[in-house]
Amino acid sequence: MLTQVARGDHHAFELVYGELSGPVYGVVRQVLRDPAQSEEVAQEVLLEIWRTACRFDPARGSGAAWALTIAHRRAVDRIRTENASSRREQKAAPDLTDEQDVAEEVTTSLEYQRVRRCLDGLTELQRESIKLAYYKGYSYPEVATLLGVALGTVKTRIRDGMIRMRDCMGVTW
Amino acid sequence: MKNLRDDLHVLTGSYVLDAVSPDEREEFERHLQTCPACDAEVRGLRETAARLAMARAVAPPARMEREVLAATYQTRQLPPLSGDPLSVARERRRVQAAGVFAPRKSSWSRRVLAPGQASWTRRLAVAAAAASVAAAAVLGIAQVSTQHQLDTTRASGAAIARVVTAADAQVESAPSKAGGSVTVVTSAQLRESVVSATGMAALPAGRVYQVWVMAPDGAPFSARSVGLLQDTQLLAAAVHRGDRIGITVEPAGGTRQPTTTPVAVIPT
């Protein structure tokens with residue numbers, strides 16, 4: 001589908017929009033929290049998908065992974081450039097349980113349940129490191145500070161945790 | 001040396017979660033080119049991270065679809081990479097310069113609108129795009145990476161032909177209060193309309209005709225700008241059943257929402 005988008009096919013893009021707008025908006029909103037800002041960034045991302053569709057290489061991964069990489073990176077870059085200082089100061093103590101922020105629409109989804117089950121299978125340090133990094137947009141040095149562990153430990157736990165997630169969810173690529 | 005390599009390999013997880021600094025990201029991407037094992041691991045973990053994202057999918061506001069689809073008509077796509085390494089490197093620099101790390105301010109689109117420096121096609125593109133935040137973001141990219149990504153005339157020329165020649169094309173025409181008449185050709189299947197006008201009164205300096213897509217319920221604030229009516233045709237994208245095309249007189253450069261009563265309203 002993205003290959004057709006790359007050729008300027010607006011209809012293919014509508015279908016891609018239908019598939020990806022929910023995950024794109026969801027992950028951006030998860031990281032940024034602010035709905036208006038999330039909408040703005042999600043729009044930028046979806047347009048970036050249109051603009052750079054010809055850079056997508058199906059041999060290197062799925063279209064969803066390509067698009068969601070763009071989305072997450074944009075969201076993270078936005079918080080790091082815009083409120084690097086204010087956010088860190090205000091949120092000295094991380095809120096480690098983000099579940100109450102998750103909309104009901106999300107928690108009833110199959111994908112949410114599957115990811116949650118696999119996250120539950122990790123050690124607490126692996127799980128919290130991954131959630132702070134991916135869902136809250138913290139860098140691994142920030143995660144290390146927040147969790148009070150060494151830098152090297154966080155890097156290793158994130159990698160080990162992600163490998164376990166990959167195997168738990170049966171991701172093959 | 002072994003330590004350094006191990007150290008970098010351990011970054012696969014942090015890299016796919018975007019938990020590394022820009023410098024580390026760059027260093028790690030260089031490393032990936034010489035480490036097939038790391039590259040393979042990154043691919044698998046990137047798919048895994050995508051599942052974390054999909055688990056948080058939330059339907060965006062409905063207006064976003066219209067705005068994004070409309071903005072694609074204002075946005076030129078990147079050409080495919082030609083395989084030669086020099087152009088790949090050049091392109092990579094351009095994309096980096098254009099995008100991810102450049103801090104962006106929400107007010108820059110007004111800077112792009114500075115009068116006198118733009119050709120009319122560009123002004124047209126800018127005015128149409130100013131209506132939506134999404135398109136504004138595109139201009140932000142265009143601003144840093146150069147103007148050649150904006151090419152409305154060429155982009156919409158083919159699209160206009162497609163609508164007018166569509167098998168289900170419907171033609172609606174209505175007289176305008178400003179004289180002359182307005183014609184709208186719509187393809188319901190393509191969800192696009194082509195708007196053209198003839199014989200409308202010339203406006204005093206500083207005033208323009210602006211074209212809008214208006215929702216069936218007619219709330220004026222729900223109008224979406226299509227662009228300024230020059231002596232050319234305009235393409236309205238993401239037109240839904242029952243939408244109407246309206247034309248208002250607005251200050252030069254156009255406005256975000258109609259500020260006057262339409263001189264013409266045409267069903268699609």
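We did not get these values from a lab; they are worked out from the coordinates using the rules stated. Keep in mind the model is a prediction, meaning the values are calculated, not measured. Note that each Cβ is placed from the backbone with ideal geometry, even for glycine, and that neighbours are counted across all protein chains shown.
Quick look at the values:
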| quantity | calculated |
| --- | --- |
| Cysteines having no other Cys beta carbon under 4.7 Å from their own, within chain A | A:Cys54 |
| Under 5 Å, built H, 5+ apart or other chain: amide partners of B:Ile245 | B:Met214, B:Ile266, B:Thr268 |
| Computed over chain A: relative contact order in percent, which uses C-alpha pairs under 8 Å that are six or more apart | 20 percent |
| Chain A - mean residue ellipticity at 222 nm from DSSP helices (-39,500 (n - 2.57) per run, n ≥ 4, rounded to 500) | -22000 deg cm²/dmol |
| In nm, spacing of pseudo-spin labels at A:Arg7 and B:Arg256 (7 Å Cα→C-beta vector) | 3.9 nm |
| Peptide A:155-161, shielding by other chains (average Cβ, 10 Å cutoff) | 6 |
| Calculated FRET value between B:Asp23 and A:Arg117, using beta carbons and R₀ = 45 Å, to 0.05 | 0.80 |
| The range A:94-173 shape via C-alpha gyration tensor axes, a/c threshold 1.5 | oblate |
